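Quick notes on the structure that follows.
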Amino acid sequence: MSAESGSCELTAVSLGDSDPELELENCDRSVSHHLANGNSDTGNLLLESRLNKNVQFLANGSTDANSKTEAPLGFKAGSIDYGTDCSSVEMGLCVEHESELNWYCSSEGKLICSHCAIVGSCQGHTVTPIAKKAANVRNQLVDVCEKIQLQALRIERFVNQTLAAKERALQTEASRARERVVARVSRVREALEEEEQRLLEEVQREEERVQQCLLTQRAHWTQALEALTHTRTSLVHTLTHMQDAQLAVSDQEISDRVEEAEGVGEPRDSEQLSLDPGCSDSGLLLGLWSSTVLLGLSGGSPDCLRFDERTVSPLLSLSDDQRTLTFLPKRARRSPPYDPARFDSWPNAMCLPALSSGTHSWVVEVGQSVAFKVGVCYASVERKGASNESRLGYNAHSWVLSHYENDFSFCHAGRHFPVPLLRRPSQIGVLLDWPGHTLLFFDPESNAVLHAIRHPFSAPLLPACAVADHSITLMR
């Protein structure tokens, strides 16, 4: 048998002792010669003779019953031998040639007879003996079965070992996780209880101090009032009952009484007579409170917050959605129509609506700007001129977190309080707790408190911003 480019040519073997392949080649040459010379009868007889010999070879698998060549059966070295007698397999007959279907055509993927392979529709196709094809399929099935068996072993090992170990570990890890949660919450609870106790005691001490001051002041001024009343009564008696002669020589006595009355002085209110609001302040409590408020804030953020176009300085441009302020270079600035609400000298703008109740938070995207202010102000802040009265953070009507170059600071009434930061945030959050009189600035990424103040705000507050470099944006 000869092979070319992966194809298998059909061969026939004679019943004699000669070489079957050489005999078939001679037969092919004779058939071709007679057919080419027009001797169709002779050519057909030779062709029929070759087909009969081929069929005999394919049926018997050997040229001699006494041949020493034996075709081993079964598996050998992990493969399947295909030397099985094909005649023992019932494969059916070819419809066209009525011969046994004992070959497989790979080109058309079907069973064929030897006639189909030599002179039929599959002439020149890649054909394989049925036994060899079946052996290849069996080998493939063996490989697949081995792979499936290995996969089944892996799955069984995964189920019986890995998953079982995971189930045992799950109980341990879940138990540890619960213990960790309970321990951490317990520690936080203990810290909060300790902080609560400390602050309550601090408030108690401050209350007692103020109460003592009030008692002292009350006693002092009650005594002073009695002295003044006595002096006044004496002077009135002198005025109404003393004779002229006695009154004329009573200058010194009257002068002493007047001096005594003037020495009482005027009562004045002072911070010592009020509870220090800082007695209830705590960094720990403020951080936990702000985190809780920010994480649980629902409906408190003013979604409709927009920059009021009427207040926007001519040094700035306002985006169409009224959320972004951009600092303008000189050549790009225009003179907007006059409006009494507009800042005309500083790059400021206010937002609407005003806030006068509840708890609210909003975030400003500051990006790469190195000069900006974020905060709140009263509507009464001055809008015209370049004085400090219209400069955010430089008057008593505005509270802002300011950033200039690399420095952060809290500004109010012209006073600056440095705000040291480990990193520069790209966003600044503002939290306003109106009932608690608290204004807080935070980093939205970590909810870390940047700065906080307590102040009894006396009028509605307007969110306000200023920018002198790049842009800032109100986040949704």
Flagged in region 232-259 as surrounded by 12 or more Cβ atoms within 10 Å (Cβ to Cβ) and not in a helix (DSSP H, G or I), in numbering order, are Met242, Ser250
Would a scan of region 188-197 turn up a residue that is surrounded by 13 or more Cβ atoms within 10 Å (Cβ to Cβ) and of a type in the set (A, V, I, L, M, F, W, C)? yes
Of all strands (runs of 3 or more DSSP E) completely enclosed by region 415-469, which ones contain at least 3 residues that are within 32 Å of the chain's Cα centre (by Cα)? 427-433, 438-443, 448-454, 461-467
Given the conditions (1) open to solvent by 50 Å² or more (accessible area, probe 1.4 Å); (2) closer than 28 Å to Ala224 by Cα; (3) part of a helix (DSSP H, G or I), every one holds for Pro267 apart from (3)
Can you pull out the residues in region 442-460 that are within 16 Å of Trp362 (Cα to Cα) and either among the polar types (S, T, N, Q) or surrounded by 22 or more Cβ atoms within 10 Å (Cβ to Cβ) (or both)? Phe442, Ser446, Asn447
Output the strands (runs of 3 or more DSSP E) that fall wholly within region 48-149 and possess 2 or more residues being at pLDDT 90 or above and of a type outside the set (Phe, Trp, Tyr), or say none. 110-112, 127-129
Matching residues in region 234-270 (under 30 Å from Arg209 (Cβ atoms), in contact with a Leu (Cβ under 7 Å, 6 or more places away or on another chain) and of a type in the set (Lys, Arg)) number 0
Exactly one of Ser345, Ser335, Ser357, Ser361 is assigned to a loop (DSSP other than H, G, I, E, B), in contact (Cβ under 8 Å) with a residue 12 or more places away in the chain and either in contact with a helix residue (DSSP H, G or I) (Cβ under 7 Å, 6 or more places away or on another chain) or surrounded by 14 or more Cβ atoms within 10 Å (Cβ to Cβ) (or both), and that one is Ser345
If you take the residues in region 203-231 that are open to solvent by less than 60 Å² (accessible area, probe 1.4 Å) and under 60 Å from the mean Cα position of the chain (by Cα), which one is nearest to Arg257 (Cα to Cα)? Cys213
Scan region 305-324 and report the pairs whose first residue is closer than 20 Å to Trp362 by Cβ and in a strand (DSSP E or B) and whose second residue is acidic (Asp, Glu) and open to solvent by 60 Å² or more (accessible area, probe 1.4 Å), with Cβ atoms within less than 7 Å and a gap of 6+ or a chain change. Leu318/Glu309
What pairs come out if I take residues in region 267-295 that are over 28 Å from Val363 (Cβ atoms) and modelled with pLDDT of 85 or more and pair them with residues that are open to solvent by 50 Å² or more (accessible area, probe 1.4 Å) and assigned to a helix (DSSP H, G or I) whose C-beta lies under 8 Å away, six or more apart or interchain? Pro267/Gln217; Pro267/Trp221; Leu273/Leu214; Leu273/Gln217; Leu275/Glu207; Cys279/Glu202; Cys279/Arg205
Out of Leu392, Leu401, sole residue that is in contact (Cβ under 8 Å) with a residue 24 or more places away in the chain, open to solvent by less than 10 Å² (accessible area, probe 1.4 Å), under 22 Å from Trp346 (Cα atoms) and in a loop (DSSP other than H, G, I, E, B): Leu392
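The values are calculated or read from the model by the stated rules, or taken from the named source; none is laboratory data. Small disclaimer: the values here were computed from a predicted structure and weren't measured. In this analysis, Cβ positions are derived from the backbone assuming ideal geometry, glycine residues included, and neighbour counts consider all displayed protein chains. Please note that ligands, DNA and RNA were not included when accessible areas were found on the heavy atoms of the full protein model with its side chains. Shrake-Rupley method; radii C 1.70, N 1.55, O 1.52, S 1.80 Å.
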